[in-house]
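Some notes on the structure that comes next.
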Amino acid sequence: MEEDYVKIIDMKATPILLEAETVKLPTGQLYPAGGTCLVEIKTDTGLTGIGESDAGGPWGEAFIAVKAFIENAFKPLILGEDPTNYRSLWDKIHDYSWYVDTGIGMSALSGVDMALLDLAGKSEGVPACKVLGGCYRNRVRPYASHPFITPASYEEGIKDAVTQIEKGFTAVKMSFTKFPNFGENLNEDIKYVKKVRDAIGYDIDLMISDFAPPRPVSKAISMARRLEEFDLIFWEECLPRGDVEAYCQLSAAVDLPIEAGEEMTNQMLRYFIFRRAVDVINPDVTHIGGLSEAKKLADLATAMGIKTYPHQFSSAVSMAANVHLVASMPDGDLCEYRTSYPDASMDELLLKPLKFDKGYIEVPNSPGLGIELNKEVVEKIMWKG
């Protein structure tokens, strides 16, 4: 008897560049803006699932590796399979090789998982948030991930933060990546944070992003205590990445919420959750293990009293995935929205853009992620190296 289920017949990965390939800093240094890798899985019924794998870092090496994992290693494993079995397929791919637990391997699996979950929703005729367990809300609140490349000065940075608020954002994150050594001249840095807070007011939620510097815990504690007066939602990546013991000490010593997790894969981030090393996690669906794995970690974090504010610094595909993730969380609130530079992968990639209105993004109610790719834009920004 012929098996009666949707079958996967093909899968491909398409690396795309951000429109601003490089940005020249005042030092003369060219900063690579990064890239990402779209994933498409086709079925015998004509349905196509869309996903995204993080492919940041050195251009060629990352793209080649992600594409090779997806098309050469993972594709043969899922051909003929039913995409609605997305979790069992996640395990099948994960068990294929221990290399999947590394950064590039997990990024590749993330995009496949996202596309499978999109297909599961399309096959069942329901939005992805319902596949994840149910939608708690029909809109989510994004925060403007403030420019860390373009401003030439603190003053320009403050001005642009105000511009994002004028566009309708009710929360903004200021980054110190462009202005490193935050805390080396703490009195001056605190004055800057105060200027930001004064400019946007206390009705707007404010966050600070650092760059995981090699600072001692004692210094981070003294800095956090100075920052507490500004009513921050969180201080992000303020200690070396992966140093769970240091984060435990910091979180236990201060009232300021501490956030970490964007660069971690699932194996590392779960230890941060188990240890209550942070108050907020920010998993990235493009390399944490995908949308379904991010949901597992978010549920675990909720059980441990930890908030989840998903990281997003890729294309509109991962933005849509994050919207569904937050909609499926009982304590869902904020998710990141990249506003750092104009880019076709955010502004033009979808045939029907995500709807932003009065500080919120509507959760797409079409099946799956509720998005379609604009093929002309994909062709325009495709990496052809």
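Can you pull out every residue in the stretch 238-264 that is over 24 Å from Gly290 (Cα atoms) and touching an Asp or Glu at 6+ places or on another chain (Cβ under 8 Å)? Within the stretch 238-264, Cys238, Ser251, Val254, Asp255, Leu256, Pro257 meet the criteria. Among the candidates Ala301, Ala320, Ala316, Ala327, the residue that is assigned by TED's automatic domain parsing to the domain that holds Gly157, more than 16 Å from the chain's Cα centre (by Cα) and on the phi < 0 side of the Ramachandran plot is uniquely Ala301. Does at least one position in the stretch 119-133 carry a residue that is over 16 Å from the mean Cα position of the chain (by Cα), modelled with pLDDT of 95 or more, aliphatic (A, V, I, L, M) and closer than 18 Å to Ala13 by Cβ? Yes. Considering (1) over 16 Å from His324 (Cα atoms); (2) surrounded by fewer than 16 Cβ atoms within 10 Å (Cβ to Cβ); (3) in contact with a strand residue (DSSP E or B) (Cβ under 8 Å, 6 or more places away or on another chain); (4) not hydrophobic (A, V, I, L, M, F, W, C), the lone condition that Ser88 does not fulfil carries the number (3). Would the stretch 205-221 turn up any residue that is surrounded by fewer than 17 Cβ atoms within 10 Å (Cβ to Cβ), closer than 21 Å to Asp333 by Cα and not aliphatic (A, V, I, L, M)? No, the conditions are met nowhere in the stretch 205-221.
Applying a threshold of 6 Å to beta carbon distances and a minimum spacing of six or more residues, or different chains, the list of pairs starting in the stretch 360-385 at a residue that is of a type in the set (S, T, N, Q) and ending at one that is in a strand (DSSP E or B) reads Asn365/Pro127. Note on the stretch 329-351: residues that are among the acidic types (Asp, Glu) and buried (at least 23 other Cβ atoms within 10 Å of the Cβ) total 1. Quick check on the stretch 179-192. Is at least one of its residues among the basic types (Lys, Arg) and either under 23 Å from Asp54 (Cβ atoms) or touching a residue at least 12 places away in the same chain (Cβ under 8 Å) (or both)? Within the stretch 179-192, none of the residues are among the basic types (Lys, Arg) and either under 23 Å from Asp54 (Cβ atoms) or touching a residue at least 12 places away in the same chain (Cβ under 8 Å) (or both).
Of the helices (runs of 4 or more DSSP H) entirely within the stretch 184-261, those holding at least 2 residues that are farther than 26 Å from Ala298 by Cα and in contact with a Lys or Arg (Cβ under 9 Å, 6 or more places away or on another chain) occupy 186-200.
Looking across the stretch 309-361, the residues that are farther than 21 Å from Glu263 by Cα and among the basic types (Lys, Arg) come down to Lys352, Lys355, Lys358. The number of residues in the stretch 277-298 that are among the β-branched types (Val, Ile, Thr) and touching a residue at least 40 places away in the same chain (Cβ under 8 Å) comes to 4. Do we find that Gly51 is at pLDDT 95 or above and within 19 Å of Glu263 (Cα to Cα) in this structure? Yes. Among the residues of the stretch 311-354, the ones that are assigned to a strand (DSSP E or B), farther than 17 Å from Ala115 by Cα and out of contact with any His (no Cβ under 9 Å at 6 or more places or on another chain) come to 4 in all. For beta carbons closer than 6 Å, sequence separation of 6+ or different chains, a first residue in the stretch 249-276 that is touching a residue at least 24 places away in the same chain (Cβ under 8 Å) and a second that is part of a helix (DSSP H, G or I) and hydroxyl-bearing (Ser, Thr, Tyr), the qualifying pairs are Ile258/Ser251. None of Glu3, Glu40, Glu19 is at pLDDT 65 or above, outside the structural domain of Pro342 (by TED's automatic domain parsing) and in a loop (DSSP other than H, G, I, E, B) except Glu3.
The values are calculated or read from the model by the stated rules, or taken from the named source; none is laboratory data. Note that the structure is a prediction, hence the values are computed from the model and not measured. Please note: Cβ atoms are built from the backbone with ideal geometry, for glycine as well, and neighbour counts cover all protein chains shown.
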